[in-house]
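Notes for the one structure printed next.
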Amino acid sequence: MKIISFGDIHEDTSNLIKIKPELETADVIVLSGDLTNCHGKAETKKVLDAVKKYNKHLLVQYGNMDIPEVDRYLSAEGINLHGNGYLFGDVAIFGCGGSSPTPFHTPSEISEADIGRFLTHGFNKVQGATWKIMICHTPPKDTATDIIRNGMHVGSQTVRDFVLKHKPHVCITGHIHESRARDTVGDTIILNAGMFRDGWYAEVIIDKGQISAALKSVA
């Protein structure tokens, strides 16, 4: 199984054409949050339609820069990852969108308690799967994926604790644009591809009883 994931799109889908072969051969495309710039259904639909030109198999969640209407729209479309989980044979994908509180009061911030609740709800739907892929817009705290420009770690302790407890094989995150990185928490691979317009995405491949997860460049 091949999963291609990217996020922090912010309405800029110009790089899609550069990964056309990867998109077309993926089993599922996962959009990890921040589809828009504080916009709703109309702008989200434009992003989804752009991706669907290459692959119609999507799972999507809103980010903190998407208004709550986006979360409802994705649920109506039957592709919402937020607080949800999906099974593809022995592979599970579950997620939590929005973000933990920020100083900027962005449109879709949720509490640490809610992050734990949504992650648990999604995980409980798929916990029997062999392989587990967690998609969380907010990165786990104290990793290479949650560092802002002044060097502070601003990720979620709840996300970190969840990863350590439930041990998903991969956690794909985003939110902190300047913190594109690969790290580990326990045995879990953590990937933050940064902003999609900067030319990076994540690829997870599960084949012959093995899993690989890496950051990839559109160049």
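Assorted remarks:
- Number of residues in the range 98-135 that are crowded, with 16+ Cβ neighbours inside 10 Å, among the small types (Gly, Ala, Ser) and not in a loop (DSSP other than H, G, I, E, B) equals 4.
- Failed criterion for Lys165 (all others in (1) open to solvent by 60 Å² or more (accessible area, probe 1.4 Å); (2) farther than 18 Å from Pro101 by Cα; (3) touching a strand residue (DSSP E or B) at 6+ places or on another chain (Cβ under 7 Å) hold): (3)
- Yes/no for Ile93 being of a type in the set (A, V, I, L, M) and touching a Phe, Trp or Tyr at 6+ places or on another chain (Cβ under 9 Å): yes
- Exactly one residue out of Gly33, Gly95 is modelled with pLDDT of 95 or more, assigned to a loop (DSSP other than H, G, I, E, B), buried (at least 19 other Cβ atoms within 10 Å of the Cβ) and among the small types (Gly, Ala, Ser): that is Gly33.
- Filter result (small (Gly, Ala, Ser) and either touching a Pro at 6+ places or on another chain (Cβ under 9 Å) or within 19 Å of Thr13 (Cβ to Cβ) (or both)) within the range 182-219: Ala193, Gly194, Gly199, Ala202, Ser217, Ala219
- Filtering the range 68-111 to residues that are aliphatic (A, V, I, L, M) and more than 22 Å from Ile29 (Cα to Cα) leaves only Ile110.
- Within the range 73-91, if we keep just the residues that are of a type in the set (A, V, I, L, M) and assigned to a loop (DSSP other than H, G, I, E, B), the residue that is surrounded by the most Cβ atoms within 10 Å (Cβ to Cβ) turns out to be Leu81.
- Selected residue [under 22 Å from Val159 (Cβ atoms), among the aliphatic types (A, V, I, L, M), in contact (Cβ under 8 Å) with a residue 12 or more places away in the chain and not in a loop (DSSP other than H, G, I, E, B)] from Val70, Val51: Val70
Here's the yes/no breakdown for (1) more than 15 Å from the chain's Cα centre (by Cα); (2) surrounded by fewer than 19 Cβ atoms within 10 Å (Cβ to Cβ):
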| position | (1), (2) |
| --- | --- |
| Ile147 | yes, no |
| His153 | yes, yes |
| Gln157 | yes, yes |
| Ile176 | no, no |
| Thr184 | yes, yes |
| Asp187 | yes, yes |
| Ala202 | no, no |
| Gly209 | yes, yes |
| Ala213 | no, no |
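The values are calculated or read from the model by the stated rules, or taken from the named source; none is laboratory data. Every value quoted in this text rests on a predicted model; they were computed, and no experiment measured them. A quick note on method: Cβ atoms are made from the backbone with ideal geometry, for glycine too, and the neighbour counts reach across all protein chains shown. Note: accessible area is taken over every heavy atom of the protein model, side chains too, but ligands, DNA and RNA are not part of it. Shrake-Rupley method; radii C 1.70, N 1.55, O 1.52, S 1.80 Å.
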